[in-house]
Amino acid sequence: PSQLEVHEHVRPKYACRYCKDCVSSPPPPPRPIARGIAGPGLISQIIVSKFSDHLPLHRQEDIFVRHGLHLARSTQCDWVAAVADLLKPLYDFQKERVLQSAVMWTDDTPVKVLTGDEDGSCLGRFWTYVGDDSHPYSVYDFTMSRHRDGPQTFLEGFQGYLQADAYGGYDAIYLESGRDITEVACWAHARRKFFDARTNYPRESHQILEWIQQLYDIEDRGRDLAAAAHRELRCAEANPVLDRIDNYLTELTVTLLPKSALAKAVTYARNQWSALRCYTTDGRLTIDNNTAERTLRHQAIGRKNWMFLGRETAGPRAAILYTIMAGAKRHRIEPWSYVRNLLMRLQADNWQFEEMLPDRWAVSHPEAVLTHRLEESRKKAAAKKNRRAQRRALAAAAQPNS
């Protein structure tokens, strides 16, 4: 169990006994926060508890009281702000790496922000930007609105595939970039609209849902293939299914009522059709944007506990600390050890950012990798793969012989 310790450092002063001059004393011990009393272990505990375990600072205040120490939440808040400023250079370094990705996944989620004016609060936005396998980092950004200037500023200089939902703010980014940024849409969003329309139009909706299931089955079989082989599989098997969906959507456009749920689903798919088919052109792309949506679970779970951000300046700082936690989670690193090591390096001006990246740090600190999580993920993936293979085998056996 964790323990709270008070370390008392005695720093005697020395001077010449004859001239009484040149008084000197040893330097104070290094601290993550200048002139602060908190050591790296305590600060790491607060950061991990808030941004990984989703414990608000007022709950941590009560927890510390049970341990015999009262740490006011205002003091903890000041420490969190100071650590965010300390970690910002590493955050900027990861941002540069993510922008070098050939493929990027992005999404956003709202969060309430207290403004202190007549309205009391407004909705801010956390944005996530997930790099590819060559740049395995997840970086968050924060804006006070959902205007396109937020992602446009973040994505400045990016060239490659951008996989996102159908948010209209991305359209101008695609157009202004010329051919530097290629739009890739999400089949999970398209499927969800047909799923919602199945009550009023069961036959038509289930037909399209069946074809989408076939697309996902193809992705499941090609998951372990290299990018080139995966692209060939999609061209051979997914493109014919996409052609059938395209033809069927064209037929439905003529017959459906314009304001029906199925008509809205068809319109959504047809407006995004080029971007929905884009994933078949490159084996590095994915069929949906679930990669980005999963990284936003940090904020989705956290805001159910801490409810809101206290001020506008807390948003960018939270984005920095969430980025550090996301790196630890993506590479199965025990977060307390990772954050503590980062604080000790940064307080000593050991700014070797290459070694501080989560993937590099995990290689050099294998004892801090959560092996039980790795084994759990592998077993879960293998079980899911077996279930899907059995389902496909049963479906193939049920079909009449040609």
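The values are calculated or read from the model by the stated rules, or taken from the named source; none is laboratory data. Since we're looking at a predicted model, the values are computed, not measured. No Cβ is skipped: glycine too gets one built from the backbone with ideal geometry, and neighbour counts run over all protein chains shown. Please note that ligands, DNA and RNA were not included when accessible areas were found on the heavy atoms of the full protein model with its side chains. Shrake-Rupley method; radii C 1.70, N 1.55, O 1.52, S 1.80 Å.
A few points about this structure:
- Unmet criterion (only one of (1) open to solvent by 80 Å² or more (accessible area, probe 1.4 Å); (2) at pLDDT 95 or above) for ARG387: (2)
- When the stretch 206-235 is filtered for residues that are assigned to a helix (DSSP H, G or I), open to solvent by 60 Å² or more (accessible area, probe 1.4 Å) and farther than 18 Å from ALA269 by Cβ, the ones remaining, listed by number, are ARG221, ALA228, ARG231, GLU232.
- If you go through the stretch 77-135 and keep only what is touching a His at 6+ places or on another chain (Cβ under 8 Å), in a helix (DSSP H, G or I) and open to solvent by 20 Å² or more (accessible area, probe 1.4 Å), you end up with just ARG97.
- Out of ARG317, ARG311, ARG303, ARG244, one residue alone is modelled with pLDDT under 95, farther than 16 Å from CYS186 by Cβ and part of a helix (DSSP H, G or I). It is ARG303.
- Residues in the stretch 10-21 that are open to solvent by 100 Å² or more (accessible area, probe 1.4 Å) and of a type outside the set (Lys, Arg) were compared, and the one that is nearest to GLY39 (Cα to Cα) is VAL10.
- Residue check, ALA34 closer than 26 Å to GLU61 by Cβ, at pLDDT below 85 and either open to solvent by 50 Å² or more (accessible area, probe 1.4 Å) or touching a Pro at 6+ places or on another chain (Cβ under 9 Å) (or both): yes
- Residue list for the stretch 48-76, filter: among the β-branched types (Val, Ile, Thr) and open to solvent by 70 Å² or more (accessible area, probe 1.4 Å): VAL65
- Options SER145, SER177; residue that is modelled with pLDDT under 95, of a type in the set (Ser, Thr, Tyr) and under 21 Å from LEU309 (Cα atoms): SER145
- Residue among TYR161, TYR170, TYR174 that alone is open to solvent by less than 10 Å² (accessible area, probe 1.4 Å) and hydroxyl-bearing (Ser, Thr, Tyr): TYR170
- Qualifying residues in the stretch 183-197 (those that are more than 28 Å from GLN152 (Cβ to Cβ) and among the aromatic types (Phe, Trp, Tyr)) - the one least open to solvent (accessible area, probe 1.4 Å): PHE194
- Residue-level check: of (1) assigned to a strand (DSSP E or B); (2) modelled with pLDDT under 95, CYS19 misses just (1).
- Residue that is nearest to ARG73 (Cα to Cα), among those in the stretch 262-300 that are assigned to a helix (DSSP H, G or I), touching a residue at least 60 places away in the same chain (Cβ under 8 Å) and of a type in the set (A, V, I, L, M, F, W, C): ALA300
- Residues satisfying the stated conditions in the stretch 160-184, i.e. more than 19 Å from GLU293 (Cβ to Cβ), free of Cβ contacts under 8 Å to residues at least 40 places away in the same chain and not in a helix (DSSP H, G or I): SER177, GLY178, ARG179, ASP180, ILE181
- Residue match in the stretch 42-60 (condition: over 23 Å from LYS329 (Cβ atoms) and of a type in the set (Val, Ile, Thr)): no
- Filter pass, ARG234 being closer than 20 Å to TYR161 by Cα and either touching a helix residue (DSSP H, G or I) at 6+ places or on another chain (Cβ under 6 Å) or in contact (Cβ under 8 Å) with a residue 40 or more places away in the chain (or both): yes
- Candidates LEU285, LEU296 - the one that is open to solvent by less than 20 Å² (accessible area, probe 1.4 Å) and over 25 Å from TYR338 (Cα atoms): LEU285
- Residue identified as open to solvent by 30 Å² or more (accessible area, probe 1.4 Å) and either within 30 Å of PRO240 (Cβ to Cβ) or out of contact with any strand residue (DSSP E or B) (no Cβ under 8 Å at 6 or more places or on another chain) (or both) among ARG277, ARG303: ARG277
- Identity of the residue in the stretch 248-263, more than 18 Å from ILE212 (Cα to Cα) and out of contact with any helix residue (DSSP H, G or I) (no Cβ under 7 Å at 6 or more places or on another chain), that ends up least open to solvent (accessible area, probe 1.4 Å): SER260
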